[in-house]
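The values are calculated or read from the model by the stated rules, or taken from the named source; none is laboratory data. Owing to the predicted nature of the structure, the values given are computational and were not obtained by experimental measurement. Counting neighbours? That spans all protein chains shown, and the Cβs are built from the backbone with ideal geometry, glycine included.
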Amino acid sequence: MVFVSRKEHFNAAHKLYNPTWTQERNKEVFGACANEYYHGHNFELIVTVKGEPNPETGFVIDLKVLSNLVKTLIIDKVDHKNLNMEVDFMQGKMASCEIFVAEIWRILAPAIKAAAPLADLHKLTLYETPRNFVEYYG
């Protein structure tokens, strides 16, 4: 089994806020992340694909293909956007990194399988800050 990864960078804003709670409860739980005017991050997304190399190409997945999938399906939709307000796949969802990364998986996993039938999405790593990140294995 070979693991291949691609790292992408994007900037996005979001707010952590539960609309069923009071403003005070949101501030208590989410702190500055509940700022009514949102806040932003310089995100890093690492997409790891696993599989056996295709005997004809030697690739688990062509990295140009992976880059294009990530760019068109995710980065173009989230870069310099407000995750709560402008990103279709995040509408009505809590914009935490945990929810966000699971939604990215839901989009990328079938697209990667279609592009590289011998490969599977293995892991997503989403850095919100250099010290805070989530990993998701689907």
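Which count do you get for residues in segment 1-14 that are touching an Asp or Glu at 6+ places or on another chain (Cβ under 8 Å) and either closer than 27 Å to ASN35 by Cα or basic (Lys, Arg) (or both)?
6
Select, from LEU124, LEU66, the only residue that is out of contact with any Phe, Trp or Tyr (no Cβ under 7 Å at 6 or more places or on another chain), aliphatic (A, V, I, L, M) and in contact (Cβ under 8 Å) with a residue 60 or more places away in the chain.
LEU66
Scan segment 104-127 for residues that are surrounded by fewer than 21 Cβ atoms within 10 Å (Cβ to Cβ), farther than 18 Å from ASN11 by Cβ and under 12 Å from the mean Cα position of the chain (by Cα) and report the count.
Result for segment 104-127: 5.
Counting only residues that are out of contact with any Ser or Thr (no Cβ under 8 Å at 6 or more places or on another chain), hydrophobic (A, V, I, L, M, F, W, C) and not in a helix (DSSP H, G or I), how many does segment 106-138 have?
4
Take segment 47-71 and flag every residue that is under 11 Å from ILE112 (Cβ atoms) and hydrophobic (A, V, I, L, M, F, W, C).
Across segment 47-71, the qualifying residues are VAL47, VAL49, VAL60, ILE61, VAL65, LEU66, LEU69, VAL70.
Can you tell me how many residues within segment 89-98 are part of a helix (DSSP H, G or I) and not charged (D, E, K, R)?
3
Given the residues SER96, SER5, which is the only one that is under 21 Å from THR129 (Cα atoms) and in contact with a Ser or Thr (Cβ under 9 Å, 6 or more places away or on another chain)?
Unique residue meeting the criteria: SER5.
For the condition surrounded by 13 or more Cβ atoms within 10 Å (Cβ to Cβ) and of a type outside the set (Lys, Arg), what is the one hit in THR48, THR72, THR57?
Answer to the check: THR48.
Inspect segment 30-42 for any residue being within 28 Å of ALA109 (Cβ to Cβ), surrounded by fewer than 16 Cβ atoms within 10 Å (Cβ to Cβ) and out of contact with any His (no Cβ under 6 Å at 6 or more places or on another chain) and give the result as yes or no.
Yes, there is a match, as at least one residue in segment 30-42 is within 28 Å of ALA109 (Cβ to Cβ), surrounded by fewer than 16 Cβ atoms within 10 Å (Cβ to Cβ) and out of contact with any His (no Cβ under 6 Å at 6 or more places or on another chain).
Taking segment 15-29 on its own, how many of its residues are out of contact with any Asp or Glu (no Cβ under 9 Å at 6 or more places or on another chain) and crowded, with 17+ Cβ neighbours inside 10 Å?
So the count comes out to 2.
Give me the pairs, please: first residue somewhere in segment 39-60 and modelled with pLDDT of 95 or more, second residue anywhere and of a type in the set (D, E, K, R), beta-carbon distance under 6 Å, and either six or more positions apart or on two chains.
From residues that are modelled with pLDDT of 95 or more, the pairs are HIS41/GLU128; LEU45/GLU8; ILE46/LYS7; VAL47/ARG6; THR48/LYS123; LYS50/ASP120.
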